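The numbers here are math on the coordinates, done by the rules we state, and not lab data. Only a predicted model underlies this, so the values are computations on that prediction, with no experimental measurement involved. Positions of Cβ are generated from backbone atoms using ideal geometry, with glycine treated the same way; all protein chains shown enter the neighbour counts.
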Amino acid sequence: METNAKSSRLPALLRAVLIGRRPKRTLARIVVLVVAILLARSYLVLPIHVKGISMLPTYQDGGINFVNRLAYLRSEPKRGDVVGIRLAGQSVMYMKRVVGLPGDTVAFHKGHLLINGEQVEEPYLQPGCDWEIPPETLGPGLYYVVGDNRSIPERFHEKGKTPKQRIVGKVLL
């Protein structure tokens, strides 16, 4: 008889833990939470999966980060920002670092980034870059983006000018 009492209390306890004492209130909370998550994903943050080695050592291959979609509503991207760039469709994005701003002349000499003819310090890079890229002046609304892993040959790297409209937002974390 004692086991029947324990077994009848267990489902009631399990129900209280999972659903709560007021199922309607719990259901309302779940609905509000799901709507809030969907709105945040649609308008605030967007998950981005890192594939490849172009952002090493800053971001590891296989990692997941979030893009703040509201970061550039009232301001422009700054040099050094890591951004998500939409390529095609809803799910294809690159994660790159902004190194050149509109109006800048961007070049690489012996692996060093030159902006308007002056060398820029990039403490996030590992040594070993030997890129030689001639100067290129950016027009209005264009940004120069490149990955952090510049130890791989320049021809295998996705880099270059991108319009502001393709920049989805700033990468968090």
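Miscellaneous remarks
- In sequence order, calculated HN-Hα J values of segment 100-107 (Karplus, 6.51, -1.76, 1.60; Hz; x Gly/Pro): x, 9, x, x, 6, 10, 10, 8
- Each distinct pair of alpha carbons in segment 14-167 adds a 1/r term; the inverse of their mean, the Kirkwood radius, is 17.9 Å.
- At most 11 other Cβ within 10 Å, DSSP loop - GluC sites (Glu not before Pro), segment 58-162: Glu121, Glu132
- The lysines within cross-link reach of Lys24, meaning a Cα-to-Cα straight distance under 27 Å and a gap of 8 or more places when in the same chain, are Lys6.
- Length released on extending from Leu38 to Leu13, taking residue separation times 0.36 nm less the Cα-Cα span: 5.9 nm
- Just so you know, the Cα atoms of segment 59-144 work out to an Rg and Dmax of 14.4, 37 Å.
- Charge dipole of the chain about the Cα centre (unit charges at C-beta), most positive-ward option of Pro140, Ala71, Gly128: Ala71
- For segment 50-156, chymotrypsin sites (Phe, Trp or Tyr not before Pro) are listed when DSSP marks them as loop and at most 12 other Cβ atoms sit within 10 Å of their Cβ; the list is Tyr124.
- Gaussian network model of the chain, Cα within-10 Å springs - most flexible of Pro11, Pro140, Pro47: Pro11
- Taking all Cα pairs closer than 8 Å and separated by 6 or more residues, the relative contact order of the chain comes to 22 percent.
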